[in-house]
Amino acid sequence: MKGEHAEFDLCEGDALILVDVQNDFLPGGALAVAAGDEVVPVANRYMAQFRSRNFPVFASRDWHPANHCSFAAAGGPWPPHCVSGTGGAAFAGALDPLAGEEVISKATRPDADAYSAFDGTDLAGRLAALGIRRVLVLGLATDYCVLATVRDALANGLVVVVPRDGVRAVDVEPGDGERALAAMSDAGAMLIGPGE
């Protein structure tokens, strides 16, 4: 494994944001991302690195009511997924236990969707209170919730780093994931490591 991943040198003021590494986004899930399970070992590796320095780890999750506006039955674009309290909404079983880490629940109201971990949550305030200046963002999916989270992190004045091997895309249109990575880079995020 060593040498396959870009090294990330931790500094004071760093935090890790895991975006929606949930069962419904993994192969076999209700809204599966192709090879979505491949982000889990990458997430575990970075969690171990951050935990070794007692640096904060935040994990966002879709936590939808059963009648959420993003679901096809309500006119939304997606099948029902990540309904609060269900196994599909649970964090991936192979993800190292999130013991003591901060969990950010988003899109919890039936009438409002939220792709970004910052949208409708107190994540920005929590990061500011901890003096966080730089975030490493990884998870699912590159072209939706990761992209939105990266954009909002940049808008909040944070330095953003995205490991290419720590994200996977929905790719509704072929190439959406690559375009999302390019958009992140163009917006000021730093991409590190090998691609998908």
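Computed from the coordinates by the stated procedures, all read-outs in this text should not be read as laboratory data. These numbers were taken from a predicted model, which means no experiment stands behind them. Neighbour counts run over all protein chains shown; Cβ positions are idealised from the backbone, glycine included.
Points worth noting:
- In the chain, the longest principal axis of the Cα atoms and the axis of helix 176-187 are about 50 degrees apart.
- Values (i) 46; (ii) 56; (iii) 33 are given for comparison; percent of Cα pairs over 24 Å apart, derived from the coordinates here, is the one labelled (iii).
- Tilt relative to the chain, helix 39-52 - C-alpha long axis, 0 to 90 degrees, to 10: 50 degrees
- Selection from Leu136, Asn23, Ala89 lying farthest towards where the dipole of the chain points positive, charges on Cβ: Leu136
- In this Cβ point-charge picture (+1 for Lys and Arg, -1 for Asp and Glu), the chain has a dipole of about 440 debye about its Cα centre.
- When +1 charges are put on Lys and Arg Cβ atoms and -1 charges on Asp and Glu Cβ atoms, the dipole computed for segment 87-155 relative to its Cα centre reaches about 220 debye.
- Peptides ranked, highest mean first, by Cβ atoms within 10 Å: ranges 83-95, 30-42: 30-42, 83-95
- Sorting the segments 12-19, 67-74 by their residues' average number of neighbouring beta-carbon atoms within 10 angstrom, most packed first, yields 12-19, 67-74.
- Fewest-first ranking of Asp186, Asp119, using other Cβ atoms within 10 Å as the exposure measure: Asp186, Asp119
- For segment 14-191, share of DSSP beta bridges that run antiparallel, in % to the nearest 5: 5 percent
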